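Comments concern the structure below.
The values are calculated or read from the model by the stated rules, or taken from the named source; none is laboratory data. Treat the numbers as computed from the prediction; the structure is a model and nothing was measured. Every residue, glycine as well, gets a Cβ built from its backbone with ideal geometry; the counts of neighbours run over all protein chains shown. Note: accessible area is taken over every heavy atom of the protein model, side chains too, but ligands, DNA and RNA are not part of it. Shrake-Rupley method; radii C 1.70, N 1.55, O 1.52, S 1.80 Å.
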Amino acid sequence: MPAATHPQTALITGASSGIGATYARRLAARGYNLLLVARNQTRLQQLANELAAAHAVQVEVLTADLSQHDDIEQVTARLRSDRQISLLVNCAGVALYGSLAEADLDSTHNLLQLNLLALTILSSAAAVRFGLAGRGAIINIGSVVALLPERFNAIYSASKAYVLSLSQSLQSELSGTGVQVQVVLPGVTRTEIFERAGSSLARVPASMVMEVEDLVDAALRGFDQGELVTIPSLQDSSEWQALTQARLQLAPNLSHNQPAARYS
Ligand SMILES: NC(=O)c1ccc[n+]([C@@H]2O[C@H](COP(=O)([O-])OP(=O)(O)OC[C@H]3O[C@@H](n4cnc5c(N)ncnc54)[C@H](OP(=O)(O)O)[C@@H]3O)[C@@H](O)[C@H]2O)c1
């Protein structure tokens with residue numbers, strides 16, 4: 001993704017901290033104007049002031065709680081109507097700890113609204129707008145737990161599996177339109193998400209924890225290379241390709257008019 005030749009705007013959700021704030025810094029350095037979305041207006045405004053001064057770009061703050069229907073609609077309306085927006089980074093998200101048996105309605109609802117519903121509706125609006133324009137890009141932040149549901153909280157892992165699946169379908173739907181789709185699968189990354197969910201990074205071996213700047217820089221390199229799925233920690237990309245190939249090899253075997261012999 002070279003520096004923009006025309007003024008373009010990136011809409012980043014979850015831009016007030018962590019991965020989203022780091023995308024904001026990196027995209028401002030690439031010449032993007034920014035529309036920063038999250039709940040914490042003070043933090044967003046501080047970041048906006050910093051980046052506008054440092055990079056001579058326009059940075060606007062849009063305060064929204066993306067677990068709320070009306071706020072999702074407000075951000076979606078802006079995405080639909082603002083033709084300068086050519087990049088959507090769906091980064092806002094929360095994690096959960098504990099077993100499925102311990103799940104409570106409020107925190108489950110909040111996670112599903114934010115990690116799934118907001119990302120889905122914003123991706124849909126961007127697909128329409130960018131598709132009509134014949135250009136644009138959607139970056140969805142998933143997680144490696146999409147690939148390891150046995151190892152982490154069921155609701156969070158399932159939400160990230162959804163993000164991976166949605167992004168794969170979306171790329172297929174947008175093929176040939178000029179719109180790029182990328183889904184990033186971070187491993188453990190040093191941000192506030194653990195404390196926010198009542199846990200701590202101190203429990204994780206240091207060898208497993210990536211600094212957030214390294215994560216976003218690697219993700220943007222994957223984006224520049226046109227990758228659909230970017231797994232910054234994965235040293236050998238042929239492992240992911242083998243998994244994808246094995247999955248697609250199942251395709252001709254997954255729907256038949258008779259059950260398999262072992263079930264008769
Ligand atoms: N850190 C990791 O190890 C890791 C690994 C894999 C994937 N991820 C994913 O990376 C994404 C970013 O997380 P992070 O690690 O950067 O954590 P973070 O520092 O806690 O950032 C989360 C962002 O989401 C925003 N947010 C939370 N609830 C929101 C709501 N209801 N409405 C609008 N915005 C909301 C927060 O801003 P406000 O509080 O201001 O609203 C914040 O900007 C998430 O999707 C997460 O699942 C993280």
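For this structure, a couple of remarks:
- Computed E for ARG196/SER81 - FRET, C-beta separation, R0 35 angstrom, nearest 0.05: 0.65
- Helix-only [θ]222 nm of the chain, DSSP H runs n ≥ 4, -39500 (n - 2.57) each, per residue, nearest 500: -13500 deg cm²/dmol
- The share of accessible area on the chain that comes from carbon and sulfur is 52 percent, using a 1.4 angstrom probe.
- For the range 9-237, the gyration tensor built on C-alpha atoms gives a rounded shape. Its axis ratio a/c (a ≥ b ≥ c) stays under 1.5.
- Once the Cα-Cα distance is subtracted from the 0.36 nm per residue extended length, the ASP104 to SER207 segment shows a gain of 33.8 nm.
- Calculated FRET efficiency, ARG247 to GLU150, Cβ-Cβ distance, R0 = 22 Å: about 0.80 to the nearest 0.05.
- Kyte-Doolittle at least -1.0, axis length at least 27 Å by Cα - qualifying DSSP helices, the chain: 154-174
- GNM remark for the chain: springs join alpha carbons under 10 Å apart, and the peak mean-square fluctuation among LEU220, LEU185, LEU147 falls on LEU147.
- Max mean-square fluctuation residue, GNM over the chain, Cα-Cα springs under 10 Å, options ASP224, ASP70, ASP106: ASP106
- GNM flexibility winner over the chain from TYR32, TYR23, TYR162 (Cα, springs under 10 Å): TYR162
- 1.4 Å probe accessible area per residue over the chain, in Å²: 52 Å²
- Over the range 188-252 - Rg/Rh using Cα atoms and the Kirkwood inverse-distance radius: 1.09
- Computed over the range 1-110, the Cα gyration tensor eigenvalues convert (square root of 5λ each) into semi-axes of 28, 15, 12 Å, ordered from largest to smallest.
- Prolate/oblate/rounded label for the range 76-143 (Cα gyration tensor, a/c 1.5): prolate
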